[in-house]
Amino acid sequence: QVQLVESGGGLVQAGGSLRLSCRASARTSAMGWFRQAPGKEREHVAAINWTGGSTDYADSVKGRFTISRDNAKNTMYLQMNVLKPEDTAVYYCAARSTKIVATSPALYNYWGQGTQVTVSS
């Protein structure tokens, strides 16, 4: 069983930046970031394969967010720049048992507890 712990959330003004981290208790394969705003479904934000050589981003965050990982530290990151009020949500990290990038939450086996990101206008 892999445990995931997110950190780095907080309150920031529009146009600002935050960096989320997700530390895994053991080695993982493909990983991803998802977010869920009140009253909305959980949605894909970004995903990365085992090597970090393949990534995928939701259209809404392309050019603003960057996903990366440091396998030596069992840690994944999400650098979020030019934040907008519509980015406000609980952000979750997830890991799956295969190496291939995936965008559907149903394809992930392990989840963190989530970290709140609030962007004020």
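Annotations for the structure displayed:
- Scattering curve values for region 50-94, log₁₀ I(q)/I(0), Debye with Cα scatterers, q = 0.32, 0.34 Å⁻¹: -1.36, -1.41
- Sulfur and carbon atoms: percent of accessible area, the chain [1.4 Å]: 47 percent
- DSSP-defined antiparallel bridges as percent of all bridges, the chain, nearest 5: 90 percent
- With a cut-off of 12 Å between beta carbons, the residues surrounding residue 49 carry a summed charge of +2, where Lys and Arg count +1 and Asp and Glu -1.
- When only Cα pairs below 8 angstrom with a gap of at least 6 residues are kept, region 50-121 shows a relative contact order of 30 percent.
- Pairwise alpha-carbon distances in region 67-121 exceed 12 Å for 74% of all pairs.
- Check: region 1-50 dipole with +1 on Lys, Arg Cβ and -1 on Asp, Glu Cβ, in debye: 100 debye
- Along its principal axes, region 5-87 has C-alpha extents of 34, 25, 22 angstrom, given from the largest down.
- Cβ-based net charge around residue 29, under 10 Å, with every Lys or Arg adding one and every Asp or Glu removing one: +3
- Here region 66-89 is scanned for amide nitrogen atoms under 11 Å from the site 7 Å beyond the Cα of residue 58 along Cα-to-Cβ, giving 86-89.
- Charged side chains reduced to their Cβ positions (Lys and Arg at +1, Asp and Glu at -1) give the chain a dipole of some 280 debye around its Cα centre.
- Packing rank of 108-115, 29-36, 44-51, where each peptide gets the mean count of other beta carbons within 10 Å, highest leading: 29-36, 44-51, 108-115
- Per residue, the average separation of C-alpha pairs within less than 8 Å and at least 6 apart gives the chain a relative contact order of 37 percent.
The values are calculated or read from the model by the stated rules, or taken from the named source; none is laboratory data. Because the structure is a prediction, the values reported are computed rather than measured. Cβ atoms come from the backbone with ideal geometry, glycine included; neighbour counts cover every protein chain shown. Only protein heavy atoms, including side chains, enter the accessible area calculation; ligands, DNA and RNA are left aside. Shrake-Rupley method; radii C 1.70, N 1.55, O 1.52, S 1.80 Å.
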